[in-house]
Amino acid sequence: MSSTIQNIYFRSDQAKAYTLLSPALILVIFAMAAPMIVMIFTSFNTQISMIEIDRTFTTGRYEDFFSKPIFSMLLFRSVKISFFVTLLTLLTTYPLAYYIAFYVKKNKMLWIVLMTLPFWTSYLLRVFSWRVILGNKGVINSALMGTGMIDEPLGFLLYNQAAVIITLSHAWAAFAILPLYVSLDKIDKSLLEASYDLGNTKFETFWRVTFPLSLPGVIGAILIIFIPTVGDYVTPQLVGGTDGRMLSNMIQSLFGRANNFPLGAASAVLMLTTVCLIAALVTYITKKVSMRMS
Amino acid sequence: MSTKNYIKIKNLSKSFGDVEVLKNINLEVEEGEFFSLLGPSGCGKTTLLRILAGFEYPSEGEVFFDDANVTSLPPNLRPSNMVFQNYAIFPHINVQRNIEFGLRKENLSKAEMGERVENALKMVQLEGYENRYSNQLSGGQRQRIALARALVKQPKVLLLDEPLGALDKKLREEMQIELRNLQKSLGITFIFVTHDQEEAMTMSDRIAVMDEGNILQVSPPREIYHNPKNKFVSQFIGNINILDADLKNVSSESISISVDGFGLMTLKNHQKIIEGDRFNIAIRPEEINISKVSDPNHDCNFNGKVKNISFYGESTYFYIQLDNSEKILMVSTNESKETFSESDNCFVNFNSQNLKIIKD
């Protein structure tokens, strides 16, 4: 009897696949899917006291979200900051990844490891180190004052949106380099030679061959940076000041001091929806644009 | 055929680090010629082609196209186009756009462009494939697209880097004839790199045989086959029996040699051998006959024993152990009047005038 069951098991590729998947699947179901469902249900409830939630269905929290301009403003700001973080990260990491893929001949892996070296320290420490760099008594200000170029510390370096953007793009750079490098390194060099041979300059070849072929990496990098940074609340808290606060800080306080779980859940659902829509749009547009370019 | 030399290569050398891959190359290729660079892998033939394309720059020496020095001209400004070994079809665009790729800068009208692409596809017999992508094409089709993409630019020189290497035998033979016909009808210069001697023989007007960064011989296929300049060329092009020989007597007219297993012979000194030269005596397998009894029509008759037989269909190779020598002789024949089996006794016979004198 057991031998037939064994037989069936070993004959079925699907059964084997599910066995391999099961640890991850269990984790995803209990740690991702279940909380998500609870959150969506909660967003249609009402907080009636400190500890009590009315479980009757209502769309009231979504109405609250859209009737108070602060929420939409914070959502827009989150998207805007993440957009600039993504842009800045891509602009700084693409040339690096390009350099490693095309110009480094030996020890490519060493370069990659060196590039990710700063990311071996804790995320929090890296955010704090930016405070040390940008602060009133920070590295930049003391250097400028020490050389006598300024008399008072520059106050605009820290506690604003620009500080959030700089800190976040540095924090996520390593995650952008890897997909970009992989997609660039995969490009067959004879395709570039074919392009030169057919009359294109190096610059034209980049836009007609290299860039379109690296798009999977670019899209990967965009998604990998944009999605987590939209929801980041540590960096804005530490270097953003009031001007740099994002929707995620609001959600954090709704689940904390402000104690309005349903409104917090509704904000999170709306943020999630926005991020998904933007991710889909980015993927669609980049593909269209690349088709046109080449 | 015009006798104008379109490509001239003068005193060209190329080193990668300490390794000298091309050593003082001098070469001239005529306009409209089908010219092959033939040699084993690592002989420098691909590097030479890449220098002609502009992908590599020579360490020393110069390259001229139509008397213009193009040595330091980048590939996009040269009147040559290349067909790559792996075809290098752009995977992100379809066949139509692949072929148009090099035409963008020629300021053609939409109608002209369409016509050029259509003609190019017709030329390689792939009409109707405009909307396919590289991963939807077979190896042979990719090869044709790569050819169309290069030819649509109407180059003066087409450079081909082992373009048939990845195709199966049947398709390769078809493409050889097709390429040859195409080259004749277009009248442009083809530089064809290959390690396959048969391929080079069937297609080329002239072949340059290369080894270790040197060009050993530049001749038409027949000349290379019948009068190889040295041992390497004779062995690389077709099969040949190399015999050990001692020089006994030499004059400007003739030489006397003692050949291992064959005794003393006198041959015409057409290679102008002088005392002290190192040389070999050789004979092609098809110039030797095999028979059951001694054959008086040939001046050389020797006893031997059949060791191995390889049947190729159009010909049969016999490997014969000579009675009074260690030597094993290769004999090929396409007639089968007499049947032989392994370890049969036999006679091998040939005319001494067919023996080649080949310098080392």
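Brief remarks on what is shown
- When residues of segment A:7-30 are limited to those that are among the small types (Gly, Ala, Ser) and surrounded by 10 or more Cβ atoms within 10 Å (Cβ to Cβ), the one modelled with the lowest pLDDT: A:SER12
- Breaking point among (1) closer than 26 Å to B:ASN181 by Cα; (2) touching a residue at least 24 places away in the same chain (Cβ under 8 Å); (3) more than 8 Å from chain A (Cβ to nearest Cβ), for B:GLU115: (2)
- The set of residues in segment B:75-100 being in a loop (DSSP other than H, G, I, E, B), more than 19 Å from B:LEU159 (Cβ to Cβ) and either more than 8 Å from every other protein chain (Cβ to nearest Cβ) or open to solvent by 10 Å² or more (accessible area, probe 1.4 Å) (or both) consists of B:PRO91, B:HIS92, B:ASN94.
- Tally of residues being among the polar types (S, T, N, Q), touching a Lys or Arg at 6+ places or on another chain (Cβ under 8 Å) and in a loop (DSSP other than H, G, I, E, B) across segment A:16-63: 2
- Taken together, the residues in segment A:247-274 that are free of Cβ contacts under 8 Å to residues at least 12 places away in the same chain and in a helix (DSSP H, G or I) amount to 3.
- Residue within segment B:301-312 that is open to solvent by less than 40 Å² (accessible area, probe 1.4 Å) and part of a loop (DSSP other than H, G, I, E, B) present: no
- Here B:LEU121, B:LEU126, B:LEU108 are screened, and the one residue that is surrounded by fewer than 18 Cβ atoms within 10 Å (Cβ to Cβ) and either more than 12 Å from chain A (Cβ to nearest Cβ) or in a loop (DSSP other than H, G, I, E, B) (or both) is B:LEU108.
- Condition broken by A:VAL182, with the remaining ones in (1) within 11 Å of chain B (Cβ to nearest Cβ); (2) open to solvent by 20 Å² or more (accessible area, probe 1.4 Å) satisfied: (1)
- Residue that is in contact with a Leu (Cβ under 9 Å, 6 or more places away or on another chain), in a loop (DSSP other than H, G, I, E, B) and closer than 30 Å to B:GLN235 by Cα, where the choices are B:LEU159, B:LEU164: B:LEU164
- Segment B:1-48 - residue that is of a type in the set (A, V, I, L, M), under 15 Å from B:ILE188 (Cα atoms) and crowded, with 20+ Cβ neighbours inside 10 Å and, of those, nearest to the chain's Cα centre (by Cα): B:VAL29
- Just one of the listed residues (A:ILE112, A:ILE177, A:ILE187) is in a loop (DSSP other than H, G, I, E, B), over 20 Å from A:ASP243 (Cβ atoms) and open to solvent by less than 50 Å² (accessible area, probe 1.4 Å), and it is A:ILE187.
- One residue stands out among those in segment B:129-144 that are away from chain A (no Cβ under 14 Å) and basic (Lys, Arg): the one that is nearest to B:ASP161 (Cα to Cα), which is B:ARG144.
- For segment B:51-74, taking the residues that are out of contact with any strand residue (DSSP E or B) (no Cβ under 7 Å at 6 or more places or on another chain) and either farther than 30 Å from B:GLN141 by Cα or free of Cβ contacts under 8 Å to residues at least 24 places away in the same chain (or both), the one that is farthest from the other protein chains (Cβ to nearest Cβ) is identified as B:ASP67.
- Selection from segment A:212-244 of residues that are of a type outside the set (Asp, Glu), farther than 30 Å from A:ILE187 by Cα and surrounded by 21 or more Cβ atoms within 10 Å (Cβ to Cβ): A:VAL230, A:THR235, A:PRO236, A:VAL239, A:GLY240, A:GLY244
- Of all the residues in segment A:196-216, those that are within 7 Å of chain B (Cβ to nearest Cβ) and either in contact with an Asp or Glu (Cβ under 9 Å, 6 or more places away or on another chain) or part of a helix (DSSP H, G or I) (or both) number 6.
- Any hit, segment B:151-174, residues being away from chain A (no Cβ under 14 Å), open to solvent by 60 Å² or more (accessible area, probe 1.4 Å), closer than 30 Å to B:LEU243 by Cβ and not polar (S, T, N, Q): no
The values are calculated or read from the model by the stated rules, or taken from the named source; none is laboratory data. Keep in mind the model is a prediction, meaning the values are calculated, not measured. Counting neighbours? That spans all protein chains shown, and the Cβs are built from the backbone with ideal geometry, glycine included. The accessibility values were calculated without ligands, DNA or RNA, using every heavy atom of the protein model including side chains. Shrake-Rupley method; radii C 1.70, N 1.55, O 1.52, S 1.80 Å.
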